Amino acid sequence: MKKIISVLLCVLMLMAIAAPAASATDVVTDTPVVFIRGASRHLYASDESDDEATQIFPLDVDLGQVVSDALKPCLEELAAGLITGNYEKYCDELYNTVAPLYEDVILDKNGEASDGSGDGRKVENFDCPVKTSNFGLWDYDFGFDLRLSPLTIADDLKTYIDMVRAATGKKVSLVGRCFGGNVISAYLAKYEAHAAENVESVVMYISSTVGIDLIGALFAGEIKIEADNVDRFVEYVMNDMGVIDDPTLQSLVVALVDLLNYAKVLGLGTDALQYIIDNVTEDLVPRLALACYGTFPSYWSMVPVEYYEKARDNVFAGQEEEYAGMIAKLDDYYNNVQLTYEDVMARLEAKGVAMTVIAKYDVPVVPLYDGADSQGDFVAETTDISFGATTAPMGKTLSDSYIEGLADKRFVSADKKVDASTCLYPEKTWFLKNLFHTDFPDAANYLIREIVNSKGQMTVFSNESYPQYLDYDVEAEKLVPVTELDPAEPEKGSGEERFTVLIRFFTALLNFFADLINGEISFDGLFGGNE
């Protein structure tokens, strides 16, 4: 159970602490690549060197244990709330569990790290190898304080680009991963003329420039849980994330959740949970947000346009004057980057700066908001990270009538799950199938290398090795073209679905008992192993 709680907490922290993958040793480019990671370097309590300062982020605590220790009083107060209809003490318990963990990390009410905390480095001290050729993909790895506004980070990025240009004598290519795309977008908007003179190409890799619905919904207090989405999510987490170590037990849990969903029992559970959420959200969400990630302008830059104003009003309700400095930073990014990035990118493209997008699909997103049946990469929706693709819901395909109505069918994936014709850059947007948000295999580095070495002119039709839709072959460790439909899922509520669900459950149950009798069942991962 402890491990399961830890996995759920990791989902909430994913955007901040996901470690970047090192590139393959043979990934070299003709153009120096400034890589803007989506995750943070470690943060420290002061500007001292890493060896002397106290690390404040990632949190140096066992989050699973913290939650486990706090779970009992929270549940006691929740039970009291269900009886009395007053959830104030329950909200207090949860707040008092989370808030102290982040007290050294949160920014002040102006969105600044006024206590001197940060990553302990100045941009002038960043590594900047002097080279004229054979540039490694990670030679120019740009780091930053993950908490700050992208518009603030953009100042350092401009300085670093100048440093790289001086060290190489060449224009640079920018590769932005997740939040790194927001930093690039802020730099392009704030220093458009500088970008036109110094940047050769831009690669947005699962960029959160458009926003992430999960973050928008959480900040706006629009949390919604549906049984079908939970069922799909559990199956992915169990099968692809290895929450339970024993495969027989894992199969049984997946089959049981599927059966409970079919029997409408899971729906009763999610409805009960939704009832609790609806009763605590108004009080709890603003308090928790301002105790942790809601003080990070970086996270606000990942709130989609359609959520932004409601989210801002929800979190800062009654405290607008007190947080005026913070709100000004958030509005600055919203008005001058998020509402303008398409125009800025178009102008720069017209001046010769090549724009390319790499997205992911066919992974369910965290089922905590309305629309969580969308194609995604566990954290972000495919439509957003691709800058506008049309997608079928998870487990379904685009309808024949939709496809037949398209003027150009070349952009539809062979599995009929995605149509790239509606993207901002249809001919320069690639899709990687069934890769988790933080999965960044060397094969993706090779794709980036080809894009960069083509001076950004490569299209989804110009390189046979890299068509628009690519699946990751784990055993071969390479990207392969998506060429066919996936096996169809039984229609919801049909006799075929009932038969499939029952067969899967009883097969898993028989296998479980067989392994249990033979002493081959391991409960590691479900109860924390030997802990």
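Each reported figure results from applying straightforward, stated rules to the coordinates on display, with no laboratory input. All figures in this text were calculated on a predicted structure; none of them were measured in a lab. Methodologically, a virtual Cβ is constructed for each residue, glycine included, from the backbone with ideal geometry; neighbour enumeration extends over all protein chains shown.
Taking packing as the residue-averaged number of other Cβ atoms within 10 angstrom, the listed peptides 360-366, 92-98, 399-405, 231-237 run from highest to lowest as 360-366, 231-237, 92-98, 399-405. Extension gain, residue 499 to residue 320: 0.36 nm times the residue separation minus the Cα-Cα distance gives 58.8 nm. Highest-first packing order for the peptide set 189-202, 439-452, 78-91 is 439-452, 189-202, 78-91, based on the mean count of other beta carbon atoms within 10 Å. Let me know the shape class of segment 383-464, please: from the alpha-carbon gyration tensor, a ≥ b ≥ c as square roots of the eigenvalues, rounded when a/c is under 1.5, otherwise prolate if a/b is greater than b/c, or oblate. In terms of gyration-tensor shape, oblate. Sorted on the mean count of surrounding Cβ atoms within 10 Å across their residues, most packed first, peptides 278-290, 213-225 read 213-225, 278-290.
Put simply, the Cα atoms of the chain extend 68, 54, 46 Å along their principal axes, the longest span coming first.
Among the listed pairs 264/310; 409/478; 158/310; 170/360; 396/433; 428/478, give every one whose C-alpha distance is greater than 24 Å.
As for pairs spanning more than 24 Å Cα to Cα, those are 264/310; 409/478; 158/310; 170/360.
A simple spin-label model places the labels of residue 273 and residue 102 2.1 nm from each other, with each point 7 Å out along Cα-to-Cβ. Here the label points at residue 159 and residue 305, each 7 Å from Cα along the C-beta direction, are separated by 3.3 nm in the simple model. In order along segment 187-199, phi translates into HN-Hα couplings of 4, 4, 6, 7, 10, 4, 5, 4, 5, 4, 8, 10, 10 Hz, rounded to whole numbers, per the Karplus curve 6.51 cos²θ - 1.76 cosθ + 1.60 with θ = phi - 60° and x for Gly and Pro. Counting only DSSP beta bridges with both residues in the chain, tell me the antiparallel percent, nearest 5. Within the chain, antiparallel bridges account for around 35 percent of the total. Here the contact order of the chain, divided by its residue count and restricted to Cα pairs under 8 Å and six or more residues apart, works out to 18 percent.
Computed FRET efficiency, Cβ-Cβ of residue 197 and residue 491, R0 56 Å: what is it to the nearest 0.05? Don't skip to the answer; put the middle values down first.
Numbers: r = 56 Å, r/R0 = 1.01.
With R0 = 56 Å, the Cβ-Cβ based efficiency is 0.50.
For residue 89, a cut-off of 18 angstrom between C-alpha atoms picks up these aspartates and glutamates, skipping any fewer than 8 places away in its own chain: 69, 76, 77, 278, 282, 283.
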